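First up is the structure itself, then whatever we jot down about it.
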Amino acid sequence: MIAISTNRSEYRNDIAEEIRLFLGLSEIVLLEETDSSAVDLIFDLQLTRTGAHYALRAAAGGLEETDAFDLPEHASALVVKKLEKRALKLACYRLLKRLYPAVATPWGSLTGIRPTKLYRELTRDGGAEYAKRTFLDLFDVSPEKTELAARICAVQEPYIASVQPNEIDVYVGIPFCRTKCLYCSFPSEVLGREDRLTRYLDALKRDIAAGAALVRTRGLRVRSFYMGGGTPTVLSAAQLDELLSFILSQYGSLGIEATVEAGRPDTIDREKLLSLKRHGVGRISINPQTMNDETLSRVGRSHTAKGVRLVYELARGIGFDSINMDLIAGLPGETPDDMQRSCDAVLQLRPDNLTVHSLAIKRSSLLKKQLDEHPLAAAADAERMIAIGADCAASLGMSAYYLYRQKYMSGNLENVGYALPGKECVYNIDMMEETASILSHGAGTMTKRVFGAENRIERLPSPKDVPTYLDKLDRLIDDKASFFS
Ligand code: SF4
C-alpha cells in the first residue's frame with residue numbers, strides 16, 4: 001500500500017494519479033486515514049505559501065525534491081489552483097522518476113485524458129514554440145509524443161474553427177452487448193431479456209423527443225450525430241430502423257456527419273447496413289480489435305477475423321465509404337508479431353479510419369481480476385505494437401487526427417485515431433477536444449455545454465446503469481432543459 005502525507009490533501013487525487021503512472025493499480029491512501037504499519041512507501045509532500053511565495057518539499061524512499069516559485073501578480077483563484085497542483089505533481093513525478101527509472105513515461109508527468117487540448121491551450125497562450133518547450137522541458141514529454149500532439153492539433157484546426165456557437169452534436173447510447181469483452185469497463189449490459197431492451201428503447205425515444213424539442217426551442221442546430229455503445233447493432237434490424245426513423249423525425253437532420261458504431265461484426269447484417277444507409281448514416285465502425293482468432297476467443301469476443309472481412313466487404317458493397325476499424329495493442333497473450341498480422345489484414349481491407357488503442361486495465365474489468373492468468377505485454381512490447389499500428393496507418397495514407405489517454409494504459413501510452421485526408425470524424429474531434437456542446441441520450445452518456453468564449457465547460461451525466469436511467473428519466477429530461485436554458 002502507498003500512502004500520501006501532505007498538508008494539501010485537496011490535491012490527493014492529482015498526486016495519486018502521478019504515482020499510478022509508475023505503480024499502476026496500487027492502493028493509494030492518505031497516511032492519516034490508514035494504519036501506517038500496512039504502508040510500503042510514503043510520499044510526503046508539503047507545500048507552504050508565504051504571501052505570493054511558495055516553498056515545496058517532496059520526499060519518498062529516502063529521496064527528496066524541493067521547489068520554490070512565486071505567483072504572478074493578480075493571479076485568479078483558478079490560476080493559483082493550477083500552479084499549486086502542477087508544482088505538487090511535478091515534484092512527485094521527479095521523485096518517482098528517480099525511484100523507478102525503468103518505468104516508461106513517454107507522456108512525462110502528464111496524467112490527463114486530453115494532451116492535445118493542453119497543447120492547443122499552450123499554443124494559444126504563448127505560441128507554438130512555447131507549447132513545444134513546455135511539453136518537452138516542463139512536463140518531460142518525449143520528443144515523439146510532443147511532435148504527435150503538435151501534428152494532431154494542426155489537423156484538427158479547421159474542424160475546431162468551423163464550430164458555430166449554436167451548434168451541438170447529438171449522441172445516442174445503446175448500452176447493450178452480446179457478450180462482455182475481458183477488458184471492458186463500460187457499464188454495458190449483456191443482452192438478456194428482450195423486454196428490458198424494449199423498455200430501454202421506449203425510454204430512449206422519450207429522451208430523444210425531449211432533446212429535439214430543446215434544440216428547436218433554443219434555436220440550436222445539429223452539427224453531427226453519433227450512436228455508440230455498447231454495441232448499437234445488437235438491436236434487431238427492425239428496432240434499428242425504427243429508432244433511426246424516430247431520431248430523424250424528431251431532429252430533422254443529423255448534421256454534416258452521422259456515425260453508428262457497428263462494433264462487433266457478429267451483430268451486423270445486410271438488412272441493418274441497408275437501414276443505416278437509408279437513414280443517412282455515412283460512417284460506421286467495424287471493430288476487429290485483433291485479427292487473431294485465438295485472441296478474439298480469449299478476450300470474449302464472439303466473432304472471427306473471417307467474420308470481420310465478410311462484414312467489411314458487405315458494407316463496402318452497399319456503398320459505405322467511411323469505415324473505421326479499431327485495433328487494441330497489447331491484448332492478453334499478444335506479441336508484436338500478432339499485432340503485425342492484424343495490421344497486415346487491415347492493410348488488405350483498406351479502411352478509411354483506423355483507431356489504435358493501448359490496452360488499459362480498468363478496475364471494473366474482468367481482466368483486472370484475471371491478471372494472473374493473462375499477463376500483460378511488457379512496456380517495450382506495448383510501445384512496439386503501437387508503432388506497428390502507426391506504421392500501418394501511414395501505409396494506408398492516414399494521419400493521426402485525435403488522441404486520448406486513459407488510466408493504467410500499457411506502457412503509459414495512448415489511443416490514436418488515424419484517418420485518410422478529409423475522412424476525420426467530426427464528432428470524435430468535437431468530443432475529445434471539448435470544442436462543441438453535446439446533447440446525449442441514453443444511460444451512461446454525458447451531455448456537455450461548451451462556453452467557448454469563457455473557456456468553460458459544464459457537464460450533465462446521465463445515470464450509468466439502465467434501471468437507474470429508466471427510473472430517473474423524467475428528472476433527467478427536466479435537468480437537460482434547465483441545462484440548456
Ligand atoms: S463491445 Fe465494447 S462495450 Fe461491449 S463488452 Fe466489448 S468493450 Fe464492452
Task: Number of the exception - ASN415 against (1) in contact with a Lys or Arg (Cβ under 9 Å, 6 or more places away or on another chain); (2) under 29 Å from PHE246 (Cα atoms) - done: (2)
Open item on the list: With the requirement that a residue be closer than 11 Å to ILE318 by Cα and more than 26 Å from the chain's Cα centre (by Cα), what does segment 274-298 give you?
Closed with: LEU274, SER275, LYS277, ARG278
Open item on the list: One residue is enough: does segment 414-431 have a residue meeting the conditions acidic (Asp, Glu), more than 21 Å from GLY173 (Cα to Cα) and in contact with a Pro (Cβ under 8 Å, 6 or more places away or on another chain)?
Closed with: yes
Task: Residues being touching a His at 6+ places or on another chain (Cβ under 7 Å) and within 16 Å of the ligand (Cβ to nearest atom) - total across segment 196-212 - done: 0
TODO: Mind listing just one residue for me: the one in segment 213-242 that is away from the ligand (no atom under 16 Å from the Cβ) and aliphatic (A, V, I, L, M) and, of those, surrounded by the fewest Cβ atoms within 10 Å (Cβ to Cβ)?
DONE: ALA238
Task: Qualifying positions in segment 121-136 - under 17 Å from VAL79 (Cα atoms) and of a type in the set (D, E, K, R) - done: GLU121, ARG124, ASP125
Task: Every pair of residues 6+ apart whose Cβ atoms lie under 9 Å, when the first sits in segment 20-43 and is under 13 Å from THR6 (Cα atoms) while the second is assigned to a helix (DSSP H, G or I) and among the polar types (S, T, N, Q) - done: LEU30/SER9; GLU32/SER9; ILE42/SER36
Task: Within segment 119-147, considering residues that are among the polar types (S, T, N, Q) and in contact with a Lys or Arg (Cβ under 9 Å, 6 or more places away or on another chain), the one farthest from LEU95 (Cα to Cα) - done: THR123
- [ ] Could you pull out every one of the strands (runs of 3 or more DSSP E) wholly within segment 354-441 that has 3 or more residues that are under 29 Å from THR179 (Cα atoms) and more than 15 Å from the chain's Cα centre (by Cα)?
- [x] 437-441
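Residues checked against (1) in contact (Cβ under 8 Å) with a residue 12 or more places away in the chain; (2) in contact with a helix residue (DSSP H, G or I) (Cβ under 7 Å, 6 or more places away or on another chain); (3) outside the structural domain of VAL466 (by TED's automatic domain parsing):
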site: ILE208; (1), (2), (3): yes, yes, no
site: ARG216; (1), (2), (3): no, no, no
site: GLY219; (1), (2), (3): yes, no, no
site: LEU248; (1), (2), (3): yes, no, no
Task: Failed item, numbered, when VAL29 is tested on (1) part of a strand (DSSP E or B); (2) modelled with pLDDT of 95 or more - done: (2)
Open item on the list: Cβ-Cβ distance below 8 Å, separation of 6 or more or different chains: which pairs start in segment 75-103 with a residue that is more than 24 Å from GLY411 (Cα to Cα) and end on one that is in a helix (DSSP H, G or I) and of a type in the set (A, V, I, L, M)?
Closed with: ALA75/LEU83
Open item on the list: assigned by TED's automatic domain parsing to the domain that holds LEU214, away from the ligand (no atom under 13 Å from the Cβ) and not hydrophobic (A, V, I, L, M, F, W, C): which single residue out of ARG264, ARG298 fits that description?
Closed with: ARG298
- [ ] Sort out which residues of segment 243-261 are more than 16 Å from the ligand (Cβ to nearest atom) and under 24 Å from ASN287 (Cβ atoms), and write them in order of number.
- [x] LEU243, LEU244, ILE247, LEU254, GLY255, ILE256, GLU257, ALA258
TODO: Could you list, in sequence order, all residues of segment 301-322 that are outside any helix (DSSP H, G or I), within 15 Å of the ligand (Cβ to nearest atom) and not hydroxyl-bearing (Ser, Thr, Tyr)?
DONE: ARG301, HIS303
Open item on the list: Restricting to segment 98-109, name every residue that is closer than 20 Å to LEU47 by Cα and either assigned by TED's automatic domain parsing to the domain that holds GLU383 or of a type outside the set (Gly, Ala, Ser) (or both).
Closed with: none
Open item on the list: Taking the criterion of being in the same structural domain as THR435 (by TED's automatic domain parsing), within 16 Å of the ligand (Cβ to nearest atom), at pLDDT below 95 and β-branched (Val, Ile, Thr), would at least one residue in segment 269-286 satisfy it?
Closed with: no
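The values are calculated or read from the model by the stated rules, or taken from the named source; none is laboratory data. For clarity, every value in this text was computed on a predicted model and none was experimentally measured. Because the Cβ atoms are built from the backbone with ideal geometry, glycine has one as well, and the counts that use them run over all protein chains shown.
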